[in-house]
Amino acid sequence: QVQLVESGGGLVQAGGSLRLSCATSGRILRPNAMGWYRQFPGKQRELVAVSYSGGSTNYADSVKGRFTISRDSAKNTVYLQMNSLKPEDTAVYYCNHRGPLSDVWGQGTQVTVSS
């Protein structure tokens, strides 16, 4: 089983930065995808960014140029560096690990951007 532990959310002013971390433990198989999703109140969860074990990444159009997803394979951790944050980025952010035998979600972390 794969377990995820998220950290790094919080309150920041518009234009500021935050970095989210998602530490993975357990049986980690390849290929896999590790991604960050977010959920606005009353809305479905949406993809923010994903990092594939083969090296490629993908981003939602709304965060391109502002957010960067990265992996530290030695630590089995994925990060989401969020710069130039906007009030509309306010949401609960969830980490996801998807592999051959798993599809696991983190507990979610609140990101609030004040104007």
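The values are calculated or read from the model by the stated rules, or taken from the named source; none is laboratory data. Just so you know, these numbers come straight off a predicted model, no measurement behind them. When we count neighbours, we look across all protein chains shown, and the Cβ atoms used for this are built from the backbone with ideal geometry, even at glycine. Remember, those area values only see protein heavy atoms, side chains included, never the ligands or the DNA or RNA. Shrake-Rupley method; radii C 1.70, N 1.55, O 1.52, S 1.80 Å.
Figures for the structure shown
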| read-out | value |
| --- | --- |
| Once the Cα gyration tensor of the range 1-114 is diagonalised, semi-axes √(5λ) in Å | 23, 14, 13 |
| Cβ-placed point charges (K, R +1; D, E -1), dipole of the chain about Cα centre in debye, nearest 20 | 180 |
| Other-chain or far-sequence residues with amide H under 5 Å of Lys86's (modelled H) | Gly15 |
| Solvent exposure of the chain as accessible area per residue, Å², 1.4 Å probe | 52 |
| Cα Rg, Dmax, the range 25-80, angstrom units | 12.3, 37 |
| Förster radius 35 Å - calculated FRET efficiency between Asp61 and Ser7, Cβ distance, rounded to 0.05 | 0.85 |
| Surface accessible to a 1.4 Å probe, Tyr37 within the full protein complex, Å² | 40 |
| Reachable lysines, given that their alpha-carbon falls under 24 Å from the alpha-carbon of Lys43 and they are not under 8 places away in the same chain | Lys64, Lys86 |
| Accessible-area composition of the range 30-115, carbon plus sulfur, in percent [1.4 Å probe] | 48 |
| Under the Karplus curve 6.51 cos²θ - 1.76 cosθ + 1.60, θ = phi - 60°, whole-Hz ³J(HN,Hα) for the range 103-115, x wherever Gly or Pro sits | 8, 10, 10, x, 7, x, 9, 7, 10, 10, 10, 8, 8 |
| Residue list for the range 1-40, given a label point 7 angstrom along the Cα-to-Cβ vector of Trp105 and an amide N cut-off under 12 Å | 37-40 |
